[in-house]
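A quick write-up on the structure given underneath.
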Amino acid sequence: MTFVYKEARLSNGMMLVGEVDQSTHTAAAGFFVRTGARDEPAAIMGVSHFLEHMMFKGSAKRSALDVNNDFDQIGASHNAFTSGEMTAFHAHVLPEHLSSAIEILSDILRPALRKEDFEEERGVILEEIAMYEDNPFMGLYEEMMEAYYKEHPLAHKVLGTKKTVGELPLANMTEYFHNRYAADNLILAVAGQLDFEKITNQVEKLCGSWPRGKPGREQPAFTATPKEFTKVMSKTNRAYLGMMMPAPALGDMRRYASSLISQIIGDREGSKFYWSVVETGLAEEASCSFEGRDGLGEYLVFAACEMKNVAEVEKRLREEMSGLGENLKQEELDRARARIATGIALASERPSGRMHRLGSQWAYGLPPIPIEQEMDRIEKLTLKDLQDCLKEFPLNPVVVGRLLPSKND
């Protein structure tokens, strides 16, 4: 496939980006908003995710049922998500239905925010929060993020808390929407078989009147503070271990080395963690992931095992991390590079993957980077590049969390 990159800017500052390939059999479109949990005042934590739900409750001209029916009528595969740093609404369709998909997406992005819908959806989200509280992995992850980022807004929970969601006034959501869903704080990304100029004209008519806002994003100073904690959970029969430490931001070129490092040490199969604690039967799983963010980043290490093995699993994971720089092998780098390249290639084969990549790059403030260029950067990395990255960002846990089963269970 040969995708041709296109971009345009509407009169109100809204961006359009696209990768066009007339040989594909589908097309994808997604609105990406540069707003997420980190952009929320602490008192209304969870409003971004709550607002995502409200978009599907309908607009001035569509009810919630209309939204679902209209997407179904064109056979769209559609969804939305909210993270700490972005919110996205997207659809994957046959090329002849792309215009309709964009019209529906643009319409729900001007939501009615009806009081009755708001109260109904509040209950749905409170149930979702309760489900997360019953999930050992998510509970440990959220507590680690709070401990690691502390007063930094990246510590905010995407779903919010029972208190912040339960007490959120509709007026605060409406104000947040007007501040954050401004034309110059969102982008439309498209990919696949499409006419980019035709789409630009359509979106100018649909979205050209949306107001500017320049909401910006806070980038407060941050230094990770060491902390260890251990909690007991009666609803689990396994022990969970988590570790977190600094890593490059997504705008840092060392992100490529960090991706390879996390693959080598903590990919689910064939990694150093795997051979040390999973293949030996000490743990059910052990992984390391690189989480690059806007201005910051972290490595996340997780393991699950029987209670009796917690100390030994932690000891072995620490040993693997501390010795990685000295123990890196060329064949490990080659294998990790091949896995990442395969993952990038697989994601890029579908227009939806191309669309998500374009929108996410913009949401993180990155320039559009061709997939071929990223793969070339990965291909050129050497063992020394990884070792230099490890010197700047050593795998030395700053926050360590343990979630243990109750001894009475």
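Read the figures in this text as sums done on the coordinates, not as results from a lab. Since we're looking at a predicted model, the values are computed, not measured. Counting neighbours? That spans all protein chains shown, and the Cβs are built from the backbone with ideal geometry, glycine included.
Miscellaneous remarks
- Rounded to the nearest 500, the helix-only mean residue ellipticity at 222 nm of the chain stands at -13000 deg cm²/dmol, with each DSSP H run of n ≥ 4 adding -39,500 (n - 2.57).
- Virtual spin-label span in nm between K115 and K391, 7 Å along Cα→Cβ: 6.5 nm
- Residues F118, F222, F302, sorted so that the one with the fewest Cβ neighbours within 10 Å comes first: F222, F118, F302
- A full extension of the chain between L170 and A311 corresponds to an added length of 46.0 nm, given 0.36 nm per residue minus the alpha carbon distance.
- Across the chain, C-alpha contacts under 8 Å between residues 6 or more apart give a mean separation that, scaled by the residue count, equals a relative contact order of 22 percent.
- Per-pair calculated FRET efficiency, R0 = 35 Å: T280 and F222 via Cβ, rounded to 0.05: 0.40
- At full extension, E96 and E146 could sit 13.4 nm farther apart than now, given 0.36 nm per residue minus the alpha carbon distance.
- Where trypsin sites (Lys or Arg not before Pro) fall in DSSP loop in region 254-353, at most 15 other Cβ within 10 Å: R268, K329
- Label-point separation in nm, R268 to S11, each point 7 Å along Cα→Cβ: 5.0 nm
- Between K198 and D66, the contour length at 0.36 nm per residue exceeds the alpha carbon distance by 45.0 nm.
- Nearest-ten-degree value, helix 310-322 long axis tilted from longest Cα axis of the chain: 80 degrees
- Rounded FRET efficiency, nearest 0.05, which uses the C-beta distance separating K205 from S406 and R0 of 60 Å: 0.50
- Here the calculated FRET efficiency for M375 and R318, from their Cβ-Cβ distance with R0 = 25 Å, stands at 0.15, rounded to the nearest 0.05.
- Antiparallel bridges, percent of DSSP beta bridges restricted to the chain (to nearest 5): 80 percent
- Considering only L16, L317, L383, the mean-square fluctuation computed in a Gaussian network model of the chain, springs between alpha carbons under 10 angstrom, is largest for L383.
- Put a dot 7 Å past the Cα of E326, heading toward its Cβ, do the same for N79, and the two dots end up 4.4 nm apart.
- If only the Cβ of Lys and Arg carry +1 and only the Cβ of Asp and Glu carry -1, the dipole of the chain around its Cα centre is close to 580 debye.
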